Amino acid sequence: MSTQLPSDNGRQTASGTKRASLFHWFEQRTGLNKLLHEALDEPIPGGARFAYIFGSGLLFIFLSQFITGIFLALYYVPSADHAHVTVAYITKVVAAGAFLRSLHVYGASAMVIIVLLHLSQTFLFGSYKGKRELLWVSGTVLFVLVMGMAFTGYLLPWDQKAYFATAVGTNVASEVPIVGTFAKQLMRGGNQIGTLTLSRFFVMHVFYIPALIFLFVAVHIYLFRKAGAAGPISENPIHPQQRTESFYPRQLVMDLAFALLLVVALGFAAYFIPATLGPLANPADTHFLPRPEWYYRPLFEWLKIWQGRGEFLRIVVVPGVIVALFVGLPFYDRRLERRPWRRPLAVGIFSLVFLALITLGAYSYYQDSHDKDVAQQLAQQRQAEMEYMKAPFKPQMASGSRLAAAGAATSATDPAVAEGKKIFESHQCNICHGDGAVGTAIAPKLIGIGSQFSEDQFHDLFIHPLPKMEAGHMPHFTFSADETKAIRAYLDSLQ
Amino acid sequence: MEDNSKQGNLEPLQHDSDAFDDKRVLEGRRSFFLWLIAVGAAAMTTLLSAPLVRYVFYPVFAKTTSVSWSNLGKKSKFLSITTPVKQVVEIKQIDGWREEISRKPVYITKGNSKESLDGVQVLSAVCPHLGCEVPWNEAEGKFMCPCHGSVFSPDGSLELGPAERGMDTLPLKAENDDLMARYEYFQALLSYKKQVE
């Protein structure tokens, strides 16, 4: 493509030329227009089609996930103590919070659906053929990354279903022979699912996997443009024969129409059926039945349906063969024939695997609805989630306030502690040292201070105050040895 | 000139194999598409940015209860008091998804300050000297701070230092015959009352 810019633009004096010369100035320095032309001029053999919209649809959804994700991070705190309350805050309090979170949640499902459509289209059209091996492999990597995003994102709200689904998901890894247990511990950051697990999943979901996705999207698009659009099934994938149409305008409009459809569909779903949040994760709940999102159901059922012996076959061999067949497709399927009806074996195996996955998923739902106990428990869980969603938002009590409330509510069992608490409160030590001796701006915290002084030393502090006590205007008190002993016991009892 | 305008409008998208040969049809079709794309993109951007803006601006316009009025009880109950009545008010401060509750002692006394209501006023129990809680000494009939010995009369005015001003009055209002006070913090060690935000 050649874009010859006029070399002499000094002659232009008409009023419209100012903008044009500014444009030239900018273009000469950035080359953006050339780049734009490069992007929009992509030749499509056989012309634009609605069959080709899925790739850019994925890019669009990814962008939407990226933006909504950043906005969710504005209020979210990734720690076991705060994750659930902050997601509840986003969902129940912040303006448009439920909407944006729902867009993000439903966007994840949409992404999986469109990935499946994109790869099915690529497969059925034979678009992986003709020197497109690396293009296909980069696509399979992106598929795995998208599933990784779905898996890591699921834990972040830290509600019941998030916690237990991740417990099951990480347990699956431990079934892999030899390295399994270690892999599970690595994912969890220890043996149990806790705040370290949440941190790990958060970092994977927010930093590591998105960075890899950006990288592989760039690689994927670059390789795609390098190989060229494959065109319809009647086209030769290496030396296109058919007349080409450029990406702009018709294909671009089709792609944008699809993006618009996605926005409207996701927007309606997010607005009218907002994504729910369940009650806070309770690891002690032994009744909770974990169920993964729909896109992990086939895998879930596969592991459930075949229990007992044959672990190696179930966990390693069968999935391994399917993955190898999937990733290696363009390496062993080397014929240039693209018409599906002329490739019965490839299309047959693909359809069979796809059908098997759908059957497994459907059977999982069927089983759940036909086992009375399971159905009842799942209904209860949905009910609990509905009730939690209806309940008004309850802010989390700050740690200082929690101490004060706890100090007021629980009476100490040790009489010395109780006595010390009484002295501490009646002498208004809390005014400077804070409720529960947590410390304030004007006086230090005294929790556990007993370990720094012996009983006699502690008693002596009130007779011969330390210089910093004098400097801080600490009032003088006259206490008996029993009283200082009680105060010391009380301060030691505080956490 | 001709070339220039073309550059700016994405026009020279031509291939030897372009399927569309009729230039005029092509031009018309392209400007229509351009219009469609521009309108579509603008509509989509507006649609999508509205919730984002509302979401980001939420805390700026959200009502916080950091300054709240505490109900002290029926006003009539306090009109005939002879000595200061101590009460604890709870103030709840909302900090995003957190909440802090602190309990603050106040005295309801007779007095005629700027903030009194029908001869009743509410004093913060915090000593204006260094922030200790000032107890009411029944025997002396005065407020006597245990920390540094400041003494205040029953209406809170200063009798003896080291405090440099009398006890601080709190904003007061009556609502349906209930007495409501708003707890505030004041700077210590000043000879005049200055609220701390």
Away from chain B (no Cβ under 14 Å) and assigned to a loop (DSSP other than H, G, I, E, B): is that true of A:Pro274 in this structure? no
Per the filter on region B:114-134, residues in contact with a Gly (Cβ under 8 Å, 6 or more places away or on another chain), more than 14 Å from chain A (Cβ to nearest Cβ) and closer than 18 Å to B:Tyr185 by Cβ are B:Gln121, B:Leu123
Would you confirm whether or not region A:117-137 contains a residue that is assigned by TED's automatic domain parsing to the domain that holds A:Phe331 and free of Cβ contacts under 8 Å to residues at least 12 places away in the same chain? no
Of A:Ala284, A:Ala324, the only residue that is of a type in the set (A, V, I, L, M) and more than 22 Å from A:Leu117 (Cα to Cα) is A:Ala284
Going through (1) in contact (Cβ under 8 Å) with a residue 24 or more places away in the chain; (2) within 23 Å of A:His473 (Cβ to Cβ); (3) surrounded by 13 or more Cβ atoms within 10 Å (Cβ to Cβ) one by one, B:Ser191 fails only at (3)
Given (1) buried (at least 19 other Cβ atoms within 10 Å of the Cβ); (2) part of a helix (DSSP H, G or I); (3) under 12 Å from the mean Cα position of the chain (by Cα), A:Met147 misses just (1)
Only unsatisfied item for A:Gly139, checking (1) in contact with a Pro (Cβ under 7 Å, 6 or more places away or on another chain); (2) at pLDDT 95 or above; (3) within 30 Å of A:Arg338 (Cβ to Cβ), is (1)
Restricting attention to region A:372-393, the residues that are part of a helix (DSSP H, G or I) and under 14 Å from A:Leu277 (Cβ atoms) number exactly 9
So, first residue surrounded by 17 or more Cβ atoms within 10 Å (Cβ to Cβ) in region B:76-91, second residue at pLDDT 80 or above and charged (D, E, K, R), Cβ within less than 7 Å, six or more apart or across chains; the pairs are B:Val89/B:Lys104; B:Ile91/B:Lys104
Scan region B:123-134 and tell me whether some residue there is surrounded by fewer than 21 Cβ atoms within 10 Å (Cβ to Cβ), in contact with a Pro (Cβ under 8 Å, 6 or more places away or on another chain) and in the same structural domain as B:Val85 (by TED's automatic domain parsing). yes
Residue hits (region A:276-296; surrounded by 19 or more Cβ atoms within 10 Å (Cβ to Cβ) and under 16 Å from A:Leu100 (Cβ atoms)) are A:Leu277
Considering only region B:60-69, I want to know if a residue exists there that is modelled with pLDDT of 80 or more and either surrounded by fewer than 17 Cβ atoms within 10 Å (Cβ to Cβ) or at the interface with another protein chain (Cβ under 8 Å from one of its Cβ atoms) (or both). yes
Exactly one of A:Asp41, A:Asp8 is farther than 25 Å from A:Pro210 by Cβ, in contact with a strand residue (DSSP E or B) (Cβ under 7 Å, 6 or more places away or on another chain), at pLDDT below 90 and of a type outside the set (Gly, Ala, Ser), and that residue is A:Asp41
Flagged pairs (Cβ under 7 angstrom, 6 or more apart or on separate chains; first in region A:191-217, without any contact (Cβ under 8 Å) to a residue 40 or more places away in the chain; second hydrophobic (A, V, I, L, M, F, W, C)) are A:Arg200/A:Met187
_Quick check on A:Leu266: is it outside any loop (DSSP other than H, G, I, E, B) and without any contact (Cβ under 8 Å) to a residue 12 or more places away in the chain?_
no
Considering residues that are under 27 Å from A:Pro240 (Cα atoms), hydrophobic (A, V, I, L, M, F, W, C) and touching a Pro at 6+ places or on another chain (Cβ under 7 Å), the number found within region A:338-375 is 1
Counting only residues in region A:47-79 that are among the aromatic types (Phe, Trp, Tyr) and within 13 Å of another protein chain (Cβ to nearest Cβ), the one nearest to A:Arg243 (Cα to Cα) is identified as A:Phe60
Taking region A:207-250 and the residues there that are more than 30 Å from B:Trp35 (Cα to Cα) and of a type in the set (S, T, N, Q), the one that is nearest to the other protein chains (Cβ to nearest Cβ) would be A:Gln241
Scanning region B:168-188 for residues that are more than 27 Å from A:Thr478 (Cα to Cα) and in a loop (DSSP other than H, G, I, E, B), the one nearest to the other protein chains (Cβ to nearest Cβ) turns out to be B:Gln187
Restricting region B:137-157 to residues that are among the hydrophobic types (A, V, I, L, M, F, W, C) and modelled with pLDDT under 85, the one farthest from B:Ala125 (Cα to Cα) turns out to be B:Ala139
Taking region A:419-433 and keeping residues part of a loop (DSSP other than H, G, I, E, B) and of a type in the set (A, V, I, L, M) leaves none
Quick count over region A:251-271, residues being crowded, with 16+ Cβ neighbours inside 10 Å, more than 9 Å from chain B (Cβ to nearest Cβ) and over 19 Å from A:Val112 (Cβ atoms), is 3
Restricted to region A:152-163 and to residues being in a helix (DSSP H, G or I) and crowded, with 22+ Cβ neighbours inside 10 Å, the residue nearest to the chain's Cα centre (by Cα) is A:Gly153
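The values are calculated or read from the model by the stated rules, or taken from the named source; none is laboratory data. What you see is a predicted model; the values in this text were computed from it and never measured. Because the Cβ atoms are built from the backbone with ideal geometry, glycine has one as well, and the counts that use them run over all protein chains shown.
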